[in-house]
1. Considering only region 331-344, I want to know if a residue exists there that is part of a loop (DSSP other than H, G, I, E, B) and surrounded by fewer than 17 Cβ atoms within 10 Å (Cβ to Cβ).
2. Regarding M412, is this residue within 35 Å of the chain's Cα centre (by Cα) and under 17 Å from L454 (Cβ atoms)?
3. Within region 4-52, take every residue that is assigned to a helix (DSSP H, G or I) and of a type in the set (V, I, T) and give me the one that is farthest from the chain's Cα centre (by Cα).
4. Check off (1) in contact with a helix residue (DSSP H, G or I) (Cβ under 7 Å, 6 or more places away or on another chain); (2) within 16 Å of the ligand (Cβ to nearest atom); (3) of a type outside the set (K, R); (4) closer than 18 Å to E317 by Cα for I259 and give me the number that stays unchecked.
5. Where residues in region 311-329 are surrounded by fewer than 20 Cβ atoms within 10 Å (Cβ to Cβ) and aliphatic (A, V, I, L, M), which of them is nearest to the ligand (Cβ to nearest atom)?
6. Only one of these is in contact with a Cys (Cβ under 9 Å, 6 or more places away or on another chain) and either more than 19 Å from R182 (Cβ to Cβ) or surrounded by 20 or more Cβ atoms within 10 Å (Cβ to Cβ) (or both): P257, P229. Name it.
7. Restricting to region 56-71, what's the tally of residues that are outside any loop (DSSP other than H, G, I, E, B) and buried (at least 23 other Cβ atoms within 10 Å of the Cβ)?
8. Determine whether region 391-398 contains at least one residue that is under 19 Å from G230 (Cα atoms), at pLDDT 95 or above and under 35 Å from the mean Cα position of the chain (by Cα).
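The values are calculated or read from the model by the stated rules, or taken from the named source; none is laboratory data. Predicted model only: the values in this text are computed from it and were never measured. As a convention, Cβ positions derive from the backbone with ideal geometry for all residues, glycine included, and neighbour counts pool all protein chains shown.
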Amino acid sequence: MPTANYPVSLKLDGCRVLVAGGGRIATRRIPRLLAAGARVHVVAPEIAPDLRAAVDDDALTWSARAVDPADIDGCRLVFAATDDSAINRELAVAARSRGALVQRADHAADSDFLVPALVERGPLQIAIASAASAPSLTRRLRARLETLVPAAYGDLARLAGGFREAVRTRVPRERRGAFWNRVFDGPIAEQVFAGRYEAAERALETALADAHAGLEAVRGEVYLVGSGPGDPDLLTFRALRLMQQADVVLYDSLTAPEILALVAPEAERVHVGKRADRHTLAQSRINTLMVELAQAGRRVLRLKGGDPFVFGRGGEEIAELAEAGVSFQIVPGVTAANGCAAYAGIPLTHRDFAQSVIFVTGHLQAGELKLSWPELARPGQTVVFYMGRRNLDIICRSLTTHGLASDWPAAMVIDGTTRQQRLIVGTLADLPARVAAEPATGPALLIVGEVVRLHDTLGWFEPTP
Ligand SMILES: C[S@@+](CC[C@H](N)C(=O)[O-])C[C@H]1O[C@@H](n2cnc3c(N)ncnc32)[C@H](O)[C@@H]1O
């Protein structure tokens, strides 16, 4: 069984389309067919008043009788929308034998195509489909998009459409993406949004002439963006906006595929690796690559897991940019400690149990865990260890050696905030063995403190079993 239908946007200008039936469904389908330039022929003994008005206006033709398979001849699409299931079925068979695509109003599974929910802004169309599995969900999404996509996007699409050919012939292919990005993200789009369409047209003409003459300002930029711990819903609006306007993205191994999928599809993707000590590109090479790309006029998205400034080497990466005079922006992300704690139902500083929280790394430096154990092994606080799985045994032992009870609560969250999240709750004494028995190998975070017990009452997230 296929898992999804194939989405297309059909050109129907001048094509014959048969609509069998003249009721509610036909009335709903026909206006868009007419807007697409289709020659619509309705066959039905009776038709709704709106359709009759369209017939009177010569917008469509109507045969006032029962439909006949011969009506399909010469048609590309057939809408079998009578209220008789047997007739719809017969039409579907006849349409297929004539090479036409058919939609049965009464039977999605016996249809060749489905009509998606649509958000329209001028020539811009956003179609939402669920292969008929959740029509009420697609309707909800449509309602949300209606409020999210500004009406002026239609004008912006119209403006871009009017210049598309000129840009194609006058701006070299390798600079075209960047040219359009400047149009959509800069003052030209702002003019359109402010209702100054003609001023926007003039500005676009000037920008085009400059680009043709190679005079446009080529200024790259780097966006150092925290993408959160895994769940794409935890991205910030700003992260998403910059992800969609970057020309090139540098991502590492922890970046969830669902998050990468939100980056502009035309952006070049560079995997720079980095998982614990396995680096695809050395850190110094990543730093210089960003500088080089930005100096070549690219908008570089450096996507970091969690927050760039929490055990993310974000500081080192931007130091080199600052030194080279490359402009950059930093977008904070939900760090793993916050994300995992929330999704595990463990409030890091519940005031009855912890007055402070400490984030530390459990990663060895020069073969050693250089941590201040007496400070970490104290009651009344929560300690979160990033990269703590490999040395879990040493960490738990060191904490008990320095004064915490062996039944002190501790939990490990693996693949936190994702559908694969695993939460292993135990004590300093037994957690290492419990974790060793866990097959999941994703990123893991250790939380130590009495707040861990609150998971029993505050746990809410149900990952996929
Ligand atoms: C190099 S650090 C990067 C931390 C990141 N900058 C942040 O703010 O979350 C990688 C470590 O973060 C933790 N981590 C990141 N994502 C996680 C997740 N989804 N679940 C559990 N731990 C995670 C793990 O301890 C992992 O080894």
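1. Restricting attention to region 331-344, the residues satisfying the condition of being part of a loop (DSSP other than H, G, I, E, B) are 332-335.
Filter once more, so that each one left must be surrounded by fewer than 17 Cβ atoms within 10 Å (Cβ to Cβ): none.
Within region 331-344, not a single residue is part of a loop (DSSP other than H, G, I, E, B) and surrounded by fewer than 17 Cβ atoms within 10 Å (Cβ to Cβ).
2. Details: within 35 Å of the chain's Cα centre (by Cα): yes; under 17 Å from L454 (Cβ atoms): yes.
It is true that M412 is within 35 Å of the chain's Cα centre (by Cα) and under 17 Å from L454 (Cβ atoms).
3. Keep residues of region 4-52 that are assigned to a helix (DSSP H, G or I), which gives 24-35, 49-52.
Pick out the ones that are also of a type in the set (V, I, T) and you get 25, 27, 30.
Working: I25: 33, T27: 34, I30: 32 Å.
Step by step, filter region 4-52, then rank; the result is T27.
4. Checking I259 against (1) in contact with a helix residue (DSSP H, G or I) (Cβ under 7 Å, 6 or more places away or on another chain); (2) within 16 Å of the ligand (Cβ to nearest atom); (3) of a type outside the set (K, R); (4) closer than 18 Å to E317 by Cα, the one that fails is (4).
5. Filtering first and then ranking leaves A319.
6. On the way: P257 fails: in contact with a Cys (Cβ under 9 Å, 6 or more places away or on another chain).
Of the residues listed, the single one that is in contact with a Cys (Cβ under 9 Å, 6 or more places away or on another chain) and either more than 19 Å from R182 (Cβ to Cβ) or surrounded by 20 or more Cβ atoms within 10 Å (Cβ to Cβ) (or both) is P229.
7. Filtering region 56-71 down to residues outside any loop (DSSP other than H, G, I, E, B) leaves 56, 61-63, 69-71.
Imposing the further condition that a residue be buried (at least 23 other Cβ atoms within 10 Å of the Cβ) reduces the set to none.
The total comes to 0.
8. First, the residues of region 391-398 that are under 19 Å from G230 (Cα atoms): none.
No, region 391-398 has no match at all.
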